[in-house]
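**Student:** The following block contains the structure, expressed as structure tokens.
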Amino acid sequence: MTGKTAPPAKKTAPAAAKKKAAPALKEEAAPTEEAALKEEAAPAPATEEPPSSEHPPEQSPAPTEEPAPTLTEAGAQVTPVPAEGSPAPPAEPPAPEPKLEKPKEEPPSCPLSLAVEEVSENSFTLTWKAPEQMGRVGLDGYVVEICKDGTSDWKAVNQEPFLSTRYTIPDLSSGDKIHVRVTAVSASGASVPATLEQPVLIREILQLPKIRMPRHLRETYIRRVGDAVNIMIPFQGKPQPEVSWTKGGQPLDTNRINIRNTARDTIFYIRQAQRSDSGKYELTVQINGAKDKATLDIQVVEPPGPPQNLKLVDVWGFNVALEWTPPADNGNSEIKGYRVQKSDKKSGKWFTVLERCTRTSCTISDLIIGNTYSFRVFSENICGLSDSAAVASGVAYIEKTKTTYQSEKIPQRDMMEPPKFTQPLTDRTTTRGYSTHLFCSVRGFPQPKIIWLKNQMEIREDPKYIALIDQGVCSLEIRKPGPFDGGVYTCKAVNPLGEASVDCRLDVKGEI
């Protein structure tokens, strides 16, 4: 067969050929628009020689449906018009509109993290978490079901749903194996049950005794005289342990101390504590041969007594030196310090000079010349100040110092003396921005030269510091101290016969 090219696309076939070709086109699938575009872009393939008129092609039965569309020269689809006399295709009936169905409420999802919290000889306790999805209507509660191992008879243990995620199943027989499942229930239905993988064996679990001493009772427990002592100490152990209290190896005095024990804790109670109740109490929790011990240290305190032997040691310039001894009774607690007060004879009012003085001596400065002063001292412990104070027997009259001249008959060598501090520096605490003074007294002849040092560095012509000496009283004023002005200050006295020094610590606190 010889290959002949197809006639040009612009030449149209006779009308009769179009009628004969229409049924053949119907048998094939109608080309889509995309295929038509690809066909237009591709070169026209060579076609075979058209058949002769002697052997016309077989014609398929006349189609009853709509004729297939043909492609135009530009590739667009054209639907042929049906021949005259052919019946028109029947019209399709309109599709019915779908009915909207109301969505059904889904039941809640399965409860989560089902676990056994505790097992005893006749019960056990379950815990779980709420399901992730509870539905729009919310949960009515949970239903717990049990089934003995080896059977399939599930029974609900609660009559009505409950909302708690913890449940104790009572009245079980020791030695049984119980399967458990929990179902979440709502108005839309019940969830898939959460089931324990293994059955629960009902038996008593032995637990060694253990005292769980609260943190605040691990140190000394301090109460004031007359206060109530009410202490609860929890413990654990199975079966229920035996609890005992002793003090110094001896049983407790039940007339003063009440002990009440439960299955999980012990309560130690004293209605009104006395100092005699102080001491170490031993708690023992025992199960057969196993035991655990703990010690409770109780300290009952009261205010201390006043200091003793307060006396006025020296008066010079506008300064006074006091000394005393600790109180005979410290109130069963360490003495924290002493409070020193002064009273001017003219006003009769008491004013605090020093608080929490840790020494048994002090120097009171800045007294007014011409006034007469009395002094008293309180002792202080954890309960507070003593009920009464020690009052100095003498009074201090601050008079103006007069210059006295030594007679020339006195040999100078008898007056020569190396420097000696009669009153040392005392530690001070001041507030940032408030000027403060440091005082000490020195004697010696010839008059010693006074040198002030801060942290072993000499203070020289610094406007922040003003150093003075008057009648043997050395003072250093620190103007508006800051945090960096704190440290160790030293006063050094030097003359040809020797030198002496005293020091103190100055702490500068932030503003209140």
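The values are calculated or read from the model by the stated rules, or taken from the named source; none is laboratory data. Every value quoted in this text rests on a predicted model; they were computed, and no experiment measured them. Cβ coordinates were reconstructed from backbone atoms using ideal geometry, including for glycine residues, and neighbour counts include every protein chain displayed. Each accessible area value is taken on the protein alone, full model and side chains, heavy atoms only, with ligands, DNA and RNA left out. Shrake-Rupley method; radii C 1.70, N 1.55, O 1.52, S 1.80 Å.
**Student:** Do we have Gln236 as modelled with pLDDT under 95, touching a strand residue (DSSP E or B) at 6+ places or on another chain (Cβ under 9 Å) and closer than 25 Å to Asn288 by Cβ here? Let's see the steps before the verdict.
**Tutor:** Numbers: modelled with pLDDT under 95: yes; touching a strand residue (DSSP E or B) at 6+ places or on another chain (Cβ under 9 Å): yes; closer than 25 Å to Asn288 by Cβ: yes.
Answer is yes for this residue.
**Student:** Could you tell me which residue of the stretch 266-292 is surrounded by the most Cβ atoms within 10 Å (Cβ to Cβ), considering only residues that are within 24 Å of Glu219 (Cβ to Cβ) and touching a Pro at 6+ places or on another chain (Cβ under 7 Å)?
**Tutor:** Kept after step one, since they are within 24 Å of Glu219 (Cβ to Cβ), are these residues of the stretch 266-292: 266-285, 291-292.
Next cut, touching a Pro at 6+ places or on another chain (Cβ under 7 Å) only: 285, 291-292.
Numbers: Val285: 23, Lys291: 16, Asp292: 19.
Top of the filtered list is Val285.
**Student:** Here's another thing I want to ask about it. Can we say Thr284 is free of Cβ contacts under 8 Å to residues at least 24 places away in the same chain, touching an Asp or Glu at 6+ places or on another chain (Cβ under 8 Å) and not acidic (Asp, Glu)? Don't jump to the end; show me each part of the working.
**Tutor:** Numbers: free of Cβ contacts under 8 Å to residues at least 24 places away in the same chain: no; touching an Asp or Glu at 6+ places or on another chain (Cβ under 8 Å): yes; not acidic (Asp, Glu): yes.
Taking the combined requirement at face value, the residue does not satisfy it.
Residue-wise test of (1) in a strand (DSSP E or B); (2) open to solvent by 40 Å² or more (accessible area, probe 1.4 Å); (3) of a type in the set (Phe, Trp, Tyr); (4) modelled with pLDDT of 95 or more.
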| position | (1), (2), (3), (4) |
| --- | --- |
| Asn309 | yes, yes, no, no |
| Val315 | yes, yes, no, no |
| Ala321 | yes, no, no, no |
| Asn332 | no, yes, no, no |
| Ser347 | no, yes, no, no |
| Thr352 | yes, yes, no, no |
| Arg359 | no, yes, no, no |
| Thr363 | yes, no, no, no |
| Ile368 | no, yes, no, no |
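**Student:** Then there is this: Ala194 passes all but one of (1) at pLDDT 95 or above; (2) in contact with a Cys (Cβ under 8 Å, 6 or more places away or on another chain); which number fails?
**Tutor:** Every condition holds for Ala194 apart from (1).
**Student:** Filter the stretch 422-445 down to residues that are closer than 23 Å to Asp314 by Cβ and part of a loop (DSSP other than H, G, I, E, B) and give me whichever is farthest from the chain's Cα centre (by Cα).
**Tutor:** Step by step, filter the stretch 422-445, then rank; the result is Pro424.
**Student:** Whether any residue in the stretch 375-391 is charged (D, E, K, R) and either exposed (fewer than 14 other Cβ atoms within 10 Å of the Cβ) or without any contact (Cβ under 8 Å) to a residue 60 or more places away in the chain (or both) is what I want to check. I'd like the intermediate steps shown before the answer.
**Tutor:** Taking the stretch 375-391 as the starting set, the residues that turn out to be charged (D, E, K, R) are 376, 380, 387.
Narrowing the set further to residues that are either exposed (fewer than 14 other Cβ atoms within 10 Å of the Cβ) or without any contact (Cβ under 8 Å) to a residue 60 or more places away in the chain (or both) leaves 387.
Yes, the stretch 375-391 has at least one match.
**Student:** So if I check each of Gly444, Gly482, which one is of a type outside the set (Phe, Trp, Tyr) and at negative phi? Before the answer, list the steps.
**Tutor:** Numbers: Gly444 fails: at negative phi.
Sole residue among the options that is of a type outside the set (Phe, Trp, Tyr) and at negative phi: Gly482.
**Student:** Has the stretch 147-155 got any residue that is in contact with a Leu (Cβ under 7 Å, 6 or more places away or on another chain) and part of a strand (DSSP E or B)? It would help to see each step written out before you state the result.
**Tutor:** Pass one, the stretch 147-155, residues in contact with a Leu (Cβ under 7 Å, 6 or more places away or on another chain): none.
No, because not a single residue in the stretch 147-155 is in contact with a Leu (Cβ under 7 Å, 6 or more places away or on another chain) and part of a strand (DSSP E or B).
**Student:** Separate question: Kindly indicate whether Thr429 is surrounded by fewer than 17 Cβ atoms within 10 Å (Cβ to Cβ), in contact with a Leu (Cβ under 8 Å, 6 or more places away or on another chain), at pLDDT below 95 and β-branched (Val, Ile, Thr). It would help to see each step written out before you state the result.
**Tutor:** On the way: surrounded by fewer than 17 Cβ atoms within 10 Å (Cβ to Cβ): yes; in contact with a Leu (Cβ under 8 Å, 6 or more places away or on another chain): yes; at pLDDT below 95: yes; β-branched (Val, Ile, Thr): yes.
Yes; evaluated as a whole, the condition is true for this residue.
**Student:** If the requirement is being surrounded by fewer than 13 Cβ atoms within 10 Å (Cβ to Cβ) and outside the structural domain of Val353 (by the TED database), which of these qualifies: Asp485, Asp470, Asp503?
**Tutor:** On the way: Asp485 fails: surrounded by fewer than 13 Cβ atoms within 10 Å (Cβ to Cβ); Asp503 fails: surrounded by fewer than 13 Cβ atoms within 10 Å (Cβ to Cβ).
Residue meeting the stated conditions: Asp470.
**Student:** Sort out which residues of the stretch 221-245 are more than 16 Å from Ser276 (Cβ to Cβ) and over 32 Å from the mean Cα position of the chain (by Cα), and write them in order of number.
**Tutor:** Those that are more than 16 Å from Ser276 (Cβ to Cβ) and over 32 Å from the mean Cα position of the chain (by Cα): Lys238, Pro239, Gln240, Pro241, Glu242, Val243, Ser244, Trp245.
**Student:** May I pose another question? Which count do you get for residues in the stretch 149-173 that are farther than 14 Å from Thr125 by Cα and either of a type in the set (Phe, Trp, Tyr) or loosely packed, with under 12 Cβ neighbours inside 10 Å (or both)?
**Tutor:** Taking the stretch 149-173 first, the residues farther than 14 Å from Thr125 by Cα are 149-156, 159-163, 173.
Filter once more, keeping what is either of a type in the set (Phe, Trp, Tyr) or loosely packed, with under 12 Cβ neighbours inside 10 Å (or both): 150-155, 159-160, 162-163, 173.
Of the residues in that region, 11 qualify.
**Student:** Output the qualifying pairs, or none if there are none: Cβ atoms under 9 angstrom, residues six or more apart or on different chains, first residue in the stretch 149-161 and charged (D, E, K, R), second residue assigned to a loop (DSSP other than H, G, I, E, B).
**Tutor:** Asp149/Asp176; Asp149/Pro199
**Student:** Something else now. Between a residue in the stretch 344-364 that is in the same structural domain as Leu385 (by the TED database) and on the phi > 0 side of the Ramachandran plot and any residue that is among the charged types (D, E, K, R) and open to solvent by 50 Å² or more (accessible area, probe 1.4 Å), which pairs come within a Cβ distance under 8 Å, given they are 6 or more apart or on different chains?
**Tutor:** Arg356/Lys336; Arg356/Arg339
**Student:** If a residue has to be within 34 Å of the chain's Cα centre (by Cα) and within 20 Å of Val116 (Cβ to Cβ) to count, how many in the stretch 163-207 make the cut? Break it down into steps so the answer makes sense when it comes.
**Tutor:** In the first step, residues of the stretch 163-207 are kept if they are within 34 Å of the chain's Cα centre (by Cα); the result is 163-168, 207.
Remaining after also requiring within 20 Å of Val116 (Cβ to Cβ): 164-168, 207.
Result for the stretch 163-207: 6.
**Student:** Identify the single condition in (1) open to solvent by less than 40 Å² (accessible area, probe 1.4 Å); (2) farther than 25 Å from Glu242 by Cα; (3) of a type outside the set (Gly, Ala, Ser) that Leu296 does not satisfy, given that it satisfies every other one.
**Tutor:** All conditions are met except number (2).
**Student:** What pairs come out if I take residues in the stretch 256-275 that are of a type in the set (Ser, Thr, Tyr) and pair them with residues that are not in a strand (DSSP E or B) whose C-beta lies under 9 Å away, six or more apart or interchain?
**Tutor:** Correct list of pairs: Tyr269/Ala228.
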